[in-house]
Amino acid sequence: MIIVVKKQLINSQIKSNQVYLIDHENNNRGLVDTSEALQLAESVDLDLVVVSESKDTPVAKIINYGKLQYQKKKRQTQSARPTVKEVRFRPNVGIADYNLRIEQATQWLSKGDSVKFAIRLRGREHQHREQAGEMLDRIVAALSEVGKVQSLDKRSLIVQVVPA
């Protein structure tokens, strides 16, 4: 599959005779000659950018093209960030550490991220698996207001909570 990225036409690259113009104050100016729209853009030190290319007449907007590119890039990196945060516990974690992790998870869930809790057992801790299972139940109860359980696996001691 080939993805073709079309570059936006700006200023003198616009070959159409007329454009539907949206000026720098977001006012719809209607159908305007391209040369007149370019002069208007130059008078306010901005660029004329085609935002929607239709079959007959494109829609152009007077904006700062560099700023538009920056915002587009920023949105892409923001949408690409991971949406699953992972918290690892040991069954004998202290109360302060436990509360801190629950607070962090609450913040992540309120931002829209999902949170995965994993309890790791080492050595003789395997003899007390029921404590780890109870800890998972406490985590689910603590986060029940801001999230709902997507998966709860007591065998592998993992719970995944998604925003409610």
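List of remarks:
- Stokes-Einstein diffusion for the chain, with the hydrodynamic radius set to the Kirkwood value over Cα pairs and evaluated at 10 °C in a medium of 1.306 mPa s, equals 78 µm²/s.
- Among Ser79, Ser110, Ser12: highest mean-square fluctuation, GNM of the chain, C-alpha pairs under 10 Å: Ser12
- Range in the chain, longest, excluding exposed GluC sites (Glu not before Pro) [loop by DSSP; at most 15 other beta-carbon atoms within 10 Å]: 54-144
- Gyration tensor verdict on region 46-96 (Cα atoms; rounded if a/c is under 1.5, prolate if a/b is larger than b/c, oblate otherwise): prolate
- Calculated log₁₀ intensity ratio I(q)/I(0) where the Debye formula runs over C-alpha points of region 111-164, q = 0.22, 0.24 Å⁻¹: -0.77, -0.87
- Solvent-accessible area, 1.4 Å probe, carbon plus sulfur percent, for region 16-98: 46 percent
- Region 52-164, relative contact order [Cα under 8 Å, separation at least 6], %: 24 percent
- Our helix-only sum for the chain, with -39,500 (n - 2.57) per DSSP H run of n ≥ 4 divided by its residues, gives a mean residue ellipticity at 222 nm of -11000 deg cm²/dmol.
- Set of aspartates and glutamates near Lys67 by C-alpha distance (under 14 Å), chain-local residues within fewer than 8 positions excluded: Asp45, Asp47
- Cross-link table Lys74/Lys111; Lys74/Lys116; Lys116/Lys148; Lys15/Lys74; Lys15/Lys72; Lys85/Lys148, entries beyond 20 Å C-alpha to C-alpha: Lys74/Lys116; Lys15/Lys74; Lys15/Lys72
- Percent RCO, i.e. relative contact order, over region 58-122, from Cα pairs under 8 Å lying at least 6 residues apart: 42 percent
The values are calculated or read from the model by the stated rules, or taken from the named source; none is laboratory data. In this text the structure is predicted, and so the values were computed from the model without any measurement. We place every Cβ from the backbone using ideal geometry, glycine too, and count neighbours over all the protein chains shown. For the accessible areas, the whole protein counts, side chains as well, though only heavy atoms, and no ligand, DNA or RNA atoms are used. Shrake-Rupley method; radii C 1.70, N 1.55, O 1.52, S 1.80 Å.
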